[in-house]
Amino acid sequence: MKRLKEYNAEIGKFAELFSRNPEYAIKSPARVNIIGEHTDYNRGFVFPAAINCSTLLVAAKNGKRQVRVYSTTYNEQSEFSLDKLKRSRHWSDYVKGVAKELMERDYPVEGFDAVIGGDIPIASGLSSSASLEMAVSEACSALFGFSLEAWEQIKLCRRAENHFVGVNCGIMDQFSIRMGRRGHGLFLDCRSLDYEAVPIPADELVFVIADSGVERGLGATEYHQRQKQCARGRLFFSSINKSLRSLRDVEEDLLIINREKLDPVIFRRCRHVITENKRVLRAVEALKKPDMALFGELMNLSHESCKNDYEVSCKELDLLVDLARMVPGVLGARMTGAGFGGCTINLVMKNRVEEFKQKVGSMYRKSTGIRPEFFVTQPEDGVRSKKL
Ligand code: GLA
């Protein structure tokens, strides 16, 4: 077995726990959403990227119907039978959910042992869960010798999260983790599923993620509530005109004309989605020029909209954003992911990154008592497996 340095910790743990070597190693990145928040389940536009922190998974078949998985993040092993898959509100649900979806579609999944590690912070809005789902589906495909077409894999992992885990997420996370491309952001139309990898100029600027240290506690409840509010907006507009099938089809003018007929909360939710879709389109255009000042400004506007209209930010994220904007060389700052905690993404001049970390870090710590983590990101390739 070629010992791959990157997986040393996982391979070592695997040998210790299961007294043999793993057969495959999988690297599944995290994702960051650069712009286009809460638009995916409204069939709109998103612009995420896979990034350089990952789930690392090593695995081997065990010839039984049992699955044994150890997580180095939780220092915990979970064991279950493939014939009795029940949700347990535990990290192992992501493994079970993917196995269940695969088996329901007649993919020949059997028992396996695995160690899961890596460096994605949990509950930080960088999609550690979708990354794990992707890693598990990739591992099963490698171990049991079946191929998974990209969109089939993306949709299957999303269904695992929707049906088994019980979070009704959109398609963005699984998509970015599967389709990620080094040096590129991914512009996706969540209705047609057409996408384009757009190069991100990296000579002078870099995306820096700042982790607020606040876990996305309220996440799922509020997330589902936003979806219901969007559905109310969509129903209103489709009752005016049947061809308006989602908020993606509604123009801002039409929204404004109907302001009085809509509940003020629904109005604001709709305004976020409608304007955010436009911002994504403009941001992709700006990137192609490249006009990075405009790109940064659109990120700023996106944050204001998430904060005021969609109300998915929180005081710590707002503080991180406000502090970032005070540092010279920061072109844009916004919360990223579902919200209510997690991370911000900042577009920063490379020669200002140290100053950014130092200033934002110390001011944030002074006012919250929390030391924020920073990650200087690079857009990376999507999920990959290697035979060991
Ligand atoms: C979570 C979901 C995604 C998306 C974002 C918000 O990450 O999993 O599908 O809806 O929130 O943009």
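In percent, rounded to a whole number, the relative contact order of region 203-330 is 22, using alpha-carbon pairs under 8 Å and six or more apart. So which lysines pass the test for Lys315, namely a Cα distance under 17 Å, with those fewer than 8 places away in the same chain ruled out? Within the straight-line limit of under 17 Å, Lys315 reaches these lysines: Lys307, Lys366. The eigenvalues of the Cα gyration tensor, multiplied by 5 and square-rooted, give the chain an equivalent ellipsoid with semi-axes of 35, 26, 18 Å from largest to smallest.
Separation of region 302-375 from region 163-196 is 24 Å, based on Cα centroids.
At a 1.4 Å probe, what is the % contribution of carbon and sulfur to the accessible area of region 137-230? Its accessible area is 46 percent carbon and sulfur atoms. Pairs of Cα atoms nearer than 8 Å and 6+ residues apart set the relative contact order; for region 27-180 it is 31 percent. Of all lysines in the structure, the ones whose alpha carbon falls short of 24 Å from that of Lys350, not counting any fewer than 8 places away in one chain, are Lys288, Lys289, Lys359. For the chain, the longest principal axis of the Cα atoms and the long axis of helix 353-368 meet at an angle of about 80 degrees.
Using a probe of 1.4 angstrom and keeping all protein chains present, the accessible surface of the chain works out to 42 square angstrom per residue.
For region 232-380, carbon and sulfur atoms together expose 50% of the accessible surface, with a 1.4 angstrom probe and every protein chain in place. For region 159-170, 3J(HN,Hα) computed residue by residue from phi via the Karplus equation (6.51, -1.76, 1.60; θ = phi - 60°) reads 4, 4, 6, 5, 8, 8, 6, x, 10, 8, 5, x Hz, glycine and proline entered as x.
Atom-type composition of the exposed protein surface of region 1-105 places 44 percent of the accessible area on carbon and sulfur (1.4 angstrom probe). Relative contact order for the chain: what is it in percent, counting Cα pairs under 8 Å that are at least 6 residues apart? Contact order relative to length: 24 percent. Helix 8-18 versus the longest principal axis of the chain: what is the Cα-based angle in degrees, 0 to 90, to the nearest 10? Long axis of 8-18 versus the principal axis of the chain: about 50 degrees. Tell me, what is the FRET efficiency for Gln227 and Asp322 to the nearest 0.05, using R0 = 25 angstrom and their Cβ-Cβ distance as r? It comes out at approximately 0.30.
Straight-line reach from Lys64: taking Cα to Cα under 14 Å and skipping same-chain neighbours fewer than 8 places apart, the aspartates and glutamates in range are Glu79, Asp83, Glu110, Asp113. Other residues with beta-carbon under 14 Å from the beta-carbon of Ala130 carry, at +1 per Lys or Arg and -1 per Asp or Glu, a net charge of -1.
Quick check: the angle from helix 264-288's long axis to the longest principal axis of the chain, C-alpha only, nearest 10 degrees? The answer is roughly 80 degrees. How much of the pair distance distribution for region 1-67 lies past 15 Å, counting alpha-carbon pairs only, in percent? Counting pairs separated by more than 15 Å, the tail of P(r) holds 65 percent. A simple spin-label model places pseudo-atoms 7 Å from Cα toward Cβ; at Ser367 and Asp83 they are separated by 5.9 nm. Helix content alone sets the calculated 222 nm mean residue ellipticity of the chain: runs of n ≥ 4 DSSP H residues at -39500 (n - 2.57) each, divided across all residues, give -13000 deg cm²/dmol.
Positive-end ranking of Ser92, Ala25, Gly337 along the dipole of the chain, with charges on Cβ about the Cα centre, is headed by Ser92.
Summarised in one figure, the compactness ratio Rg/Rh of region 30-142, Cα atoms and Kirkwood Rh, is 1.00. Sorting the Cα pairs of region 215-300 by distance into bins of 5 Å, from 0 upward, gives 3, 13, 21, 18, 15, 15, 11, 4, 0 percent per bin.
The values are calculated or read from the model by the stated rules, or taken from the named source; none is laboratory data. In this text, all values refer to a predicted model and were calculated from it rather than measured experimentally. No Cβ is skipped: glycine too gets one built from the backbone with ideal geometry, and neighbour counts run over all protein chains shown. To get the accessible areas, we keep the full protein, side chains included, count just its heavy atoms, and leave off ligands, DNA and RNA. Shrake-Rupley method; radii C 1.70, N 1.55, O 1.52, S 1.80 Å.
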